[in-house]
Amino acid sequence: MTRIFLSTGNIVLSLILGALLFGFVFLKYPDTMATILEWASSFKSWLISRGLATEYNNWIRVLLEERQLVFMAFTIVARVMLSIVTYPIVWWRERA
């Protein structure tokens, strides 16, 4: 049960940290955020130009927006950082 609680907590906390990181970069480093949003836009264009069927490209156009891609990236970074920080604690706890 503890493992389920910790993994669920990791996901929820990484979403919160990802949103905070997104807001921090948005407010403190607007030039960096502009560059990241441009990268997300070019990634979306690249994804659409892969030669998929029109029905799939329409779903990508509708469902994926640049800010969503950036938020996903920040959430992944937050999750990796959180895992690096919590791994020694969990390892020590399971060892004891």
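The values are calculated or read from the model by the stated rules, or taken from the named source; none is laboratory data. Everything numeric here is computed off the predicted structure, so don't read it as measured data. Cβ coordinates were reconstructed from backbone atoms using ideal geometry, including for glycine residues, and neighbour counts include every protein chain displayed. Please note that ligands, DNA and RNA were not included when accessible areas were found on the heavy atoms of the full protein model with its side chains. Shrake-Rupley method; radii C 1.70, N 1.55, O 1.52, S 1.80 Å.
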Gaussian network model of the chain, Cα within-10 Å springs - most flexible of Ser49, Ser41, Ser14: Ser49
Accessible area, probe 1.4 Å, largest first, for residues Thr32, Thr54: Thr54, Thr32
Cα long-axis angle, helix 66-95 against the chain (0 to 90 degrees, to the nearest 10): 20 degrees
Solvent-accessible ranking of Met1, Met72, Met33, largest area first, probe 1.4 Å: Met1, Met72, Met33
Where trypsin sites (Lys or Arg not before Pro) fall in DSSP loop in the range 5-55, at most 12 other Cβ within 10 Å: Arg50
Solvent exposure of the chain as accessible area per residue, Å², 1.4 Å probe: 79 Å²
The chain: calculated mean residue ellipticity at 222 nm from DSSP helix runs of at least 4, using -39500 (n - 2.57): -31000 deg cm²/dmol
Solvent-accessible area, 1.4 Å probe, carbon plus sulfur percent, for the chain: 70 percent
Separation of alpha-carbon centers, the range 18-96 and the range 1-16, rounded to whole Å: 19 Å
Cβ-derived FRET efficiency at R0 30 Å, Arg93 paired with Trp46, nearest 0.05: 0.10
Cα long-axis angle, helix 30-48 against the chain (0 to 90 degrees, to the nearest 10): 70 degrees
Of Leu47, Leu21, Leu63, the one that fluctuates the most in a GNM where the chain has Cα springs shorter than 10 Å: Leu63
Potential extension, Met1-Trp59 segment - 0.36 nm per residue separation minus Cα distance: 17.1 nm
Length gained when the stretch Leu27-Val77 is fully extended (0.36 nm per residue, less Cα-Cα span): 16.2 nm
Sequence-separation-based contact order of the chain, relative, with Cα cut under 8 Å and 6+ spacing, percent: 46 percent
